[in-house]
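A short write-up of the structure that comes next.
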Amino acid sequence: MPASESLIARLLQPSRLIVVLGLASVALIAGAWWSQLVWHLVPCKLCLEQRQPHYAAIGLAVVAGFVARTRSLQIAALVGFALLFAWSTGLGAYHSGVEWGWFLGPNDCGGGAPPVAGDVGSLLNQLQTTRIVSCTEAAWRFLGLSLAGWNALISLGLLLLALLGLKLVLRRSEA
């Protein structure tokens, strides 16, 4: 067996795959926060919704990392990851479609922090300077894809990885 195949086989062991999938979600969330806090890209409603499956995947990875010692719990964890990444892929694809004008976005799509003021005058001033972020505008693109598009693509890859791991766990139990 070539070294690359043994590396892949070791990576696809359920306990390691759970860690890899969790770390991938950590990296995606870190990238989202980086773009928000460092690049000052204010997320819209759909951007924030796309984070939810990854937060859940991080939680699943932590729990599964401690308790998924049996085959049935590993299968349950990998099915959970597959569902979360399918959800994330769908959200990213939908948001990308909204940005490209293929789908209608939600009516209430805006982002940013709500204004906070002590009096009416400062509240009105903040309302005049607050930028509402539309879900139809891609704040940033790389190689033609927005952050939503990249999330959809990466989440699809993670979904396929979770399904491959699930297939291997099921195949090992049959042998």
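The values are calculated or read from the model by the stated rules, or taken from the named source; none is laboratory data. Everything numeric in this text was worked out from a predicted model, so none of it was measured. Here the Cβ positions follow ideal geometry from the backbone for every residue, glycine too, while neighbour counts run over all protein chains shown.
Inspect the range 34-52 for any residue being in a helix (DSSP H, G or I) and at pLDDT 95 or above and give the result as yes or no. The answer is yes; a qualifying residue exists. Looking only at residues of the range 134-149 that are aliphatic (A, V, I, L, M) and not in a helix (DSSP H, G or I), we find that the one that is modelled with the highest pLDDT is LEU143.
Let's see how each residue does on (1) of a type in the set (A, V, I, L, M, F, W, C); (2) crowded, with 22+ Cβ neighbours inside 10 Å; (3) outside any helix (DSSP H, G or I):
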residue: PHE66; (1), (2), (3): yes, no, no
residue: SER72; (1), (2), (3): no, no, no
residue: VAL79; (1), (2), (3): yes, no, no
residue: SER96; (1), (2), (3): no, yes, no
residue: LEU104; (1), (2), (3): yes, no, yes
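Being of a type in the set (Gly, Ala, Ser) and at pLDDT 70 or above: is that true of ALA152 here? Judged against the criteria, ALA152 is a match.
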